[in-house]
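Please read the structure below before turning to the comments.
The values are calculated or read from the model by the stated rules, or taken from the named source; none is laboratory data. If you're wondering where the values come from, they're calculated on a predicted model, not measured in any experiment. Cβ placement follows ideal geometry from the backbone for every residue including glycine, while neighbour counts extend to all protein chains displayed. Accessible surface areas use protein heavy atoms only, side chains included; no ligands, DNA or RNA. Shrake-Rupley method; radii C 1.70, N 1.55, O 1.52, S 1.80 Å.
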Amino acid sequence: MTRTVALLDRLVGFDTVSARSNLEMVDFLSTFLHDLGFRLHRITAPCGTKAGLFAVLGPTGPGGALLSAHTDVVPTDGQVWQRPAFALSQQGNRLYGRGTTDMKGFIAAMLALAERASRIPLRRPLKLSLSYDEEIGCVGMQHMIGGLEAAIGLPDLAIIGEPTQMRVATAHKGKWAITAHCHGQAGHSSLAPRFDNALHLASAFVQGLRQLQEDLARNGAQDAGFDIPYSTVHVGMMQGGSALNIVPDMAQLIMEFRHPVADDSAALWARLQALARRVSQGFGHGDIVLTVDNRYPGLAIDPAHPGVKKMLALADNGPPIKVAFGTEAGFFSQRGVPAVVCGPGDMEGQGHKPDEYIERGQLVACDQMLDRLLGDLT
């Protein structure tokens, strides 16, 4: 526990907000793991200012267990912090700092485990995945996942250490991020009725989305394990117009949909496109073009899967759950790797909030779970 906290102190000191480089932290991780005897495979992002790591200790080839985490954190801009965001501070049972919960607490526990594992022979390999740009839509893992098998071999089980209060999560929704480009006609506002207002077009599309949401809630695929058991459609931003006396010819909606694995995301995408066409037809010169900006897969693993049963024994913290937030677990699942989500901290209570903290007891529980995992590898 003391070692995990010391490592967390070091990790929080790296300002790895997604908009900035993570290379300083990756250099630290590379040196740390190399000195312990891990074989490293570094993946540089296309931008050149970020990188991810795959690492393995023990026998070569497939098998073993993989621990997965992301190095980036969400920004603190616009938040009021009472404590320094990028320096660990302590009060009672709480350890404060950006990323303590999401998810440098788990990385600290990973590194502490790596030290313990380096001192004993392993019968099965311990594998690590450290990604970048998870917070902006699992972008880094999309770039990294194709090289996993060649780099360190596919594991028997992947544990994604996002904060679940050390409960084992077997499912989360997938997500599509979309921009709706609404094209209208420019004109003088004194003659506004003669032109197709792009903001009116966008508003009509939003009304259609609300009706679609109502239909999904009533008739769509349902998964009672989620807080919201059906697919959701959400508009986060609307932009358009340049001056009051100009009829806007362009507006944009930034939106998303999230779906349980049981709901066909391609079919939902087709429904959105059909809605855009119907709304456009109500405007003589209006047009809505949808583009997919990003997407990541959902996760759904059978609670009866042997990997889940093993993980439940390792975590020793009750029956499996399903989480509302997305993770990188779906990418491993698509590669045929059984994956679960289990890590220290409370995403709902602390994730992305000012004065983010993690409770010491959560790190203790994580260290204990990883010790049991190490016993399974020896």
Whole-angstrom Cα spans of the chain along principal axes, big to small: 79, 44, 39
Cut-off under 5 Å, modelled amide H: who pairs with residue 287 long-range: 183
Greater than 26 Å apart at Cα, pairs in 309/353; 173/310; 50/310: 309/353; 50/310
Spread of Cα-to-Cα distances over 5 Å intervals beginning at zero, given as percent, for the stretch 31-134: 2, 11, 19, 19, 17, 14, 10, 6, 2, 1
Centre separation in Å (Cα based) which lies between the stretch 30-59 and the stretch 128-168: 13
Accessible surface of the chain [probe 1.4 Å, protein heavy atoms]: carbon and sulfur percent: 51
Net length gained if the chain between residue 353 and residue 294 were fully extended (0.36 nm per residue, minus Cα distance): 18.8 nm
³J(HN,Hα) computed for each position of the stretch 189-197 - Karplus, 6.51 cos²θ - 1.76 cosθ + 1.60, integer Hz, glycine/proline x: 5, 5, 10, 3, x, 7, 10, 8, 6
Candidate aspartates and glutamates - alpha carbon under 19 Å from residue 322, same-chain residues fewer than 8 apart omitted: 102, 162, 223, 227, 263, 264, 302, 346, 348
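At 0.36 nm per residue, and after removing the present C-alpha to C-alpha distance, how many nm does the segment from residue 191 to residue 19 gain when stretched out fully?
Numbers: separation 172, 0.36 × 172 = 61.92 nm, distance 4.34 nm.
So the extension gain works out to 57.6 nm.
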Integer Hz, Karplus 6.51/-1.76/1.60 couplings in order for the stretch 41-57, x for Gly and Pro: 9, 9, 10, 7, 5, x, 6, x, 9, 9, 7, x, 9, 10, 9, 9, 10
Karplus-derived 3J(HN,Hα), 6.51/-1.76/1.60, for each residue of the stretch 130-143, Hz, glycine and proline x: 10, 9, 10, 6, 5, 5, 10, x, 6, 5, x, 5, 4, 7
Residue 285-residue 210 pseudo-label distance in nm [points 7 Å out on the Cα-to-Cβ vector]: 2.9
5 angstrom amide H check on residue 345, placed H, neighbours 5+ away: 164, 165, 166
